[in-house]
Amino acid sequence: MSDDFFSVPDEWAASALLDREGRAADYARSIGDSDAYWLERAKRLDWVKFPSLTNESSFAESDFGVKWFADGILNVSANCIDRHLADRGDQTAIIWEPDSPEEEPRRYSYAHVHEQVCRFANVLKGAGAKKGDRITVYMPMIPEAAFALLACARIGAIHSVVFGGFSPEALAGRIIDCDSTLVITADEGRRAGKTVPLKANVDAALQECTSVRKVVVVKATGGAVDMAEGRDLWLHEEAAKVSADCPAEPMNAEDPLFILYTSGSTGKPKGVLHTTGGYLLWASLTHELCFDYRPGDIYWCAADIGWVTGHSYIVYGPLANGATTLMYEGVPNYPTPARIWEVVDRHQVQTIFTAPTALRALMKEGDDFVARTSRRSLRLLGTVGEPINPEAWRWYHHVVGEDRCPIIDTWWQTETGAAMIAPMPGATDLKPGSATFPMPGVVPQIVDSEGKVLEGAAEGNLVIAQSWPGQMRTVWGDHERFFQTYFTTFPGKYTTGDGARRDADGYYWITGRVDDVINVSGHRMGTAEVESALVLHESVAEAAVVGMPHDIKGQGIYAYVTLNSGEEPTEELRKALIAWVRTEIGPIATPDVIQFAPGLPKTRSGKIMRRILRKIAEGEVSAQALGDTSTLADPSVVDNLVANRQG
Ligand code: 6R9
């Protein structure tokens, strides 16, 4: 085994769901005999009415649309809970590990989850929610967050989860965009020993939103909160009053399941819409194939429910497969950098799924924190969210997995629903840093800037040539934006916004975003969003934000700020602007660097030349690196930026 090639271990090849030939044959059939393939795969779900139709999508402008299994009827919550009751009602569905290691974990069997979700669903109904309504979920990482999602799905309401780290302003924007009538939250959240005032944030957000009629509040920490008479309800009080029986609403496969806001190239986050049948099939199939899920496995995806990874790989994928899924309230390095591995030992976890940024942060603390734990239960190590650098990959494989566990590097996006390019442990020889090969039905292509499809070993823009079941269906409230954003750059294909390389062996290597999206600690941030926040500040005239390389976070946020005339570029103002962005968007958008810039490099037509700003942020300031500046309205601006570069 060479340093850059890891063959499938023999025992994996012998026992896994798919071996090398199996994966190749399965993929070939998914493309060559697509209708039969997907009807066969659809049998993994429980349908009220089994579909006769499969893919009816088109990426062409004339008949554009994404549609799968359109005559099928099913319910997601029934698939994730009810159908497991007969065989494994007593099996643990959710293990909850609290923020503090001093506290006891909790376990919920499928039967217990069923009761909790039915009661929750009846509480939502009692609060006026019905099929098609939007419900915003702003929750910490507690089991009730999963119950909330499943309760919405049970009654056919569309959930829109907003990450608990987002500010009241960001929350309000997302409530208004989809006209939520109900918000589900908790009194407070906890992370790394600190509390997050979730209910107070909701109260602040609702000052600006007129659509919300009820707020259902989970008592999590017991901290003091204000309850608005007639609007706010305690979940535990209401749940005690309602029936523990709630029939699952029969849903069309193309009925919406959830909206999840994600950052793009423009200022306003997009409400990515996923529907019922295709999404659930995609989440459950990829969960099984990538993680070779076996009954009895303890599976832990250490993401937050506020991101798509939490939706697909903490809740929907694993529960649809009848798995035991671990939910962790806290962060990987609290109270010490050994915590994540201690949790693995405590619950005898077989599969762990985390982000490269967490691995880099833990790697920096040294191997001792890992070595003092056993980790013998581990079988598979997953990663997601950003390209994993080969150094972190090797550390994960060698130090954490003791060379025993395949690394499953899954490339995908909020828009794709679940994994698109990823290894399967029994089938895929690994190269550190490569997400390897496409999942069934996924046809990736690499195209140059003119859209010409490049064959063989090549580097360029990553596009997907045809629809797959878990593809997003629209941008909430703006179908035209869906088409414009993803299908016009390279007509007839889905544009991912990522760059990629395919090597001579056909392996895909994701090189990162090629648009104005930066990836901070595995979280997507639109540079335009941070710019919009900055220019809202009374001292700021103009702002331009780019990514910069960052050892732990992958990318950091570098902001160039032009102040209004008369404003002094002081250290206080720099700090105030950083704090401002944190309150406008949330701590994940905290700028790492703010450089005061008297002017920004612009073309004569007034377009900011981001290429130059990126180079300066990266510290590449030679004339050669900066390239042609002759088209700038005022080339001297660049000298000033270079001279005052920060960091
Ligand atoms: C699942 C998720 C999507 C963007 C995507 C890409 C980056 C995700 C990756 C990866 C390289 C991987 N990304 N997984 N890059 N290798 N394994 O993260 O969704 O938050 O929408 O982000 O993340 O740039 O375009 P989302």
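We did not get these values from a lab; they are worked out from the coordinates using the rules stated. Here the structure is a predicted model, which is why all the values come from computation and not from measurement. Neighbour counts run over all protein chains shown; Cβ positions are idealised from the backbone, glycine included.
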So, counting K/R as plus one and D/E as minus one, what does the shell of residues with Cβ under 10 Å around GLU584 add up to? -1
Go from 0 up to the bin containing the longest alpha carbon distance in segment 78-177, width 10 Å each, and give me the % of pairs per bin. 15, 38, 33, 12, 1
State the cysteines of the chain left without a partner when partners are defined as other cysteines whose beta carbon lies under 4.7 Å away. CYS80, CYS152, CYS178, CYS209, CYS290, CYS301, CYS405
At a 10 angstrom cut-off on C-beta neighbours, averaged per residue, how do the peptides 566-572, 327-333, 278-284 rank from highest to lowest? 278-284, 327-333, 566-572
Just add up the charged neighbours of GLY223: K/R +1, D/E -1, any other residue whose Cβ is under 13 Å from the Cβ of GLY223. +1
Using only the C-alpha atoms of segment 10-501, find the volume of their convex hull and express it per residue in Å³. 142 Å³
Subtracting the Cα-Cα distance from 0.36 nm times the residue separation, let me have the gained length for ASP448 to ALA576 in nm, one decimal. 41.8 nm
Please find the FRET efficiency linking GLU459 to ASN644, where r is the Cβ-Cβ separation and R0 is fixed at 41 Å, and quote it to the nearest 0.05. 0.75
Between SER377 and GLU102, what is the FRET efficiency for a Förster distance of 22 Å, r being their Cβ-Cβ separation, to the nearest 0.05? 0.45
Looking at this model, which pairs from LYS270/LYS452; LYS199/LYS270; LYS43/LYS270; LYS67/LYS199 are more than 26 angstrom apart at the alpha-carbon? LYS270/LYS452; LYS43/LYS270; LYS67/LYS199
So which lysines can LYS602 reach, going by Cα to Cα under 19 Å and dropping same-chain residues fewer than 8 places off? LYS615
Full extension between ASP345 and LEU536 adds, at 0.36 nm per residue less the Cα distance, a length in nm of 64.0 nm
Let me see the pair-distance distribution of segment 521-644: every alpha carbon pair, 10 Å bin width, integer percents in order. 13, 45, 34, 8
Can you list residues whose amide H is under 5 Å from LYS602's amide H, if they're 5+ apart or on another chain and H is modeled 1.01 Å from N? MET609, ALA633, ASP634
Dipole of the chain, positive direction: furthest Cα of VAL183, MET525, THR583, with charges on the beta-carbon: VAL183
Summed residue charge, Cβ within 9 Å of ARG473's Cβ, Lys/Arg positive, Asp/Glu negative: 0
Classify segment 472-578 from the C-alpha gyration tensor, please: rounded if a/c falls under 1.5, else prolate or oblate depending on whether a/b exceeds b/c. oblate
Count the DSSP beta bridges whose two residues both fall in segment 10-501, then state the antiparallel fraction as a percent rounded to the nearest 5. 50 percent
Candidate lysines for bridging to LYS194, where Cα separation is under 21 Å - those fewer than 8 sequence places away on the same chain excluded: LYS219
Two-decimal log10 I(q)/I(0) for segment 1-129, as the Debye equation yields it once each C-alpha is a single scatterer, q = 0.10 Å⁻¹: -0.65
For segment 521-644, what does the relative contact order come out to in percent, with C-alpha contacts under 8 Å and a separation of six or more? 22 percent
Computed from the beta carbon distance with a Förster radius of 51 Å, FRET efficiency for LYS131 and HIS398 to the nearest 0.05 stands at 0.50
Mind ordering 177-185, 590-598, 540-548 by average Cβ neighbours within 10 Å, highest first? 177-185, 540-548, 590-598
Of segment 98-125, those with amide N under 16 Å from the point 7 Å along the Cα→Cβ vector of ALA244 are 108-123
Report the full-extension gain for the segment ASP505 to ASP429: residue separation times 0.36 nm, less the Cα-Cα distance, to one decimal in nm. 26.3 nm
Within the chain, helix-based [θ] at 222 nm, where runs of 4 or more DSSP H residues each add -39,500 (n - 2.57), nearest 500: -8500 deg cm²/dmol
Would you work out the relative contact order for the chain, in percent, from Cα pairs under 8 angstrom that are 6 or more residues apart? 13 percent
Sorting LYS431, LYS268 on the 10 Å Cβ count, fewest up front, what's the list? LYS268, LYS431
